[in-house]
Amino acid sequence: MQNCTIVNNSATSNAAGGIRNQGASPIITNCILWGNTGPGGAMGPANQVTPGANVDYCIVMGGFTGGNGNLAGDPMFTNAAAGDYTIGTGSPAVDAGDNNALAALVTVDIAGLGRYQDDPMTPNTGIGSGAIDIGAHEYQAGAIGIVYCTGAANSVGLNGELSAIGSSDASMNDVTLLGSGLPPNQFSLFVTSQTQGFTANPGGSIANLCLGGMIGRFQAPGQVMSTSSAGTLTFPLDLTALPTPMGTTAVTSGQSWNFQAWYRDSILGIPSSNFTGAIEITFQ
Ligand SMILES: [Ca+2]
């Protein structure tokens, strides 16, 4: 069972109003189990899910003993009383799931909105490449695009992240790429392509290039970046002039573009380079 939200059920006999497991070994990942009650209205952890299940990267009311990545904080549903179990700003569910739990073909949440949406304001505390949330709904916020590739651990002990905010409506020309978790004050360069790919350690880099095909570099005057003293990048895109090897081109509705940032880094004090995660934005 993956990315389910099981809330406010009640049982009048036996213990668990949430998931009652008897004689099996269910694997429950990226789920929210909250507000479920047993007999007499009891709301302890055992009323959410029977002990002994394989529970990982879940939010369990009262906490779950064992497993990996489980949380106990309030999932902050938008409006549970009205049946709206989307998660609100600041929810511990955001970017805290196991990205490997879902089949690769699953790219949307229960509402049909994009999965693996990175919230630029929230560190990715889950596992694997991407930024999947816990529960049936993915937090959308102002984030656009889908993270499909992760950066390598860098000299500040983080995996550089890339996210985007703004509008995926190409005609709005309103997309800003945001890098975070980077070494401070380092030379950086964004790259883009309509094609995804995978090249391990290009040019001796610590990390992997996740673009393929016709890769354009943002190297025009004003486009070459330096990470900030806080290790971040803020890069507003001009969607009317994305670089390709044959000059610039305008983004049009229906196209998907992939972005990644290269940056100077070091490993064990030896100069090298690294990449942030990569993000795909599909434009309307
Ligand atoms: Ca997310």
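One residue is enough: does region 26-46 have a residue meeting the conditions aliphatic (A, V, I, L, M), touching a strand residue (DSSP E or B) at 6+ places or on another chain (Cβ under 8 Å) and more than 20 Å from S10 (Cβ to Cβ)? Outline the logic, then answer.
Narrowing region 26-46 to residues aliphatic (A, V, I, L, M): 27-28, 32-33, 42-43, 46.
Filter once more, so that each one left must be touching a strand residue (DSSP E or B) at 6+ places or on another chain (Cβ under 8 Å): 27-28, 32-33, 43.
Pick out the ones that are also more than 20 Å from S10 (Cβ to Cβ) and you get 27.
There is at least one residue in region 26-46 that is aliphatic (A, V, I, L, M), touching a strand residue (DSSP E or B) at 6+ places or on another chain (Cβ under 8 Å) and more than 20 Å from S10 (Cβ to Cβ).
Can you confirm whether S10 is in contact (Cβ under 8 Å) with a residue 12 or more places away in the chain, surrounded by fewer than 19 Cβ atoms within 10 Å (Cβ to Cβ) and touching a helix residue (DSSP H, G or I) at 6+ places or on another chain (Cβ under 8 Å)? Give the steps one after another, and end with the answer.
Details: in contact (Cβ under 8 Å) with a residue 12 or more places away in the chain: yes; surrounded by fewer than 19 Cβ atoms within 10 Å (Cβ to Cβ): yes; touching a helix residue (DSSP H, G or I) at 6+ places or on another chain (Cβ under 8 Å): yes.
Yes, satisfied.
For region 41-61, name all the residues that are outside any loop (DSSP other than H, G, I, E, B) and either crowded, with 21+ Cβ neighbours inside 10 Å or on the phi < 0 side of the Ramachandran plot (or both).
P45, A46, N47, Q48, V49, N54, V55, D56, I59, V60
Among residues belonging to region 235-283 that are exposed (fewer than 13 other Cβ atoms within 10 Å of the Cβ) and under 12 Å from V175 (Cβ atoms), point out the one that is farthest from the chain's Cα centre (by Cα).
Ranking the qualifying residues of region 235-283, first place goes to T240.
Give the residue that is nearest to the ligand (Cβ to nearest atom), with candidates limited to residues of region 97-109 that are part of a loop (DSSP other than H, G, I, E, B) and modelled with pLDDT under 85.
It comes out as D109.
Which of (1) touching a Phe, Trp or Tyr at 6+ places or on another chain (Cβ under 8 Å); (2) outside the structural domain of T5 (by TED's automatic domain parsing); (3) among the polar types (S, T, N, Q) does S91 not meet, given it meets every other one?
Single failed check for S91: (2).
Scan (1) more than 9 Å from the ligand (Cβ to nearest atom); (2) of a type in the set (D, E); (3) at pLDDT below 90 for the single condition D118 breaks and write down its number.
Of everything listed in (1) more than 9 Å from the ligand (Cβ to nearest atom); (2) of a type in the set (D, E); (3) at pLDDT below 90, D118 misses just condition (1).
Please verify whether region 64-77 includes one or more residues that are within 30 Å of Q186 (Cα to Cα) and either within 13 Å of the ligand (Cβ to nearest atom) or not charged (D, E, K, R) (or both).
There is no residue in region 64-77 that is within 30 Å of Q186 (Cα to Cα) and either within 13 Å of the ligand (Cβ to nearest atom) or not charged (D, E, K, R) (or both).
State yes or no: is S180 among the hydroxyl-bearing types (S, T, Y) and farther than 29 Å from I127 by Cβ?
Working: among the hydroxyl-bearing types (S, T, Y): yes; farther than 29 Å from I127 by Cβ: no.
So S180 fails the test.
For region 13-40, name all the residues that are surrounded by fewer than 15 Cβ atoms within 10 Å (Cβ to Cβ) and out of contact with any helix residue (DSSP H, G or I) (no Cβ under 7 Å at 6 or more places or on another chain).
Residues of region 13-40 surrounded by fewer than 15 Cβ atoms within 10 Å (Cβ to Cβ): 13-14, 22-27, 39-40.
Within region 13-40, N14, Q22, G23, A24, S25, P26, I27, P39, G40 qualify.
Among (1) touching a residue at least 24 places away in the same chain (Cβ under 8 Å); (2) under 21 Å from S129 (Cα atoms); (3) among the aliphatic types (A, V, I, L, M), where does A200 come up short?
Every condition holds for A200 apart from (1).
The values are calculated or read from the model by the stated rules, or taken from the named source; none is laboratory data. These figures come from a predicted structure and were not determined experimentally. Virtual Cβ from ideal backbone geometry, glycine too; neighbours counted across all protein chains shown.
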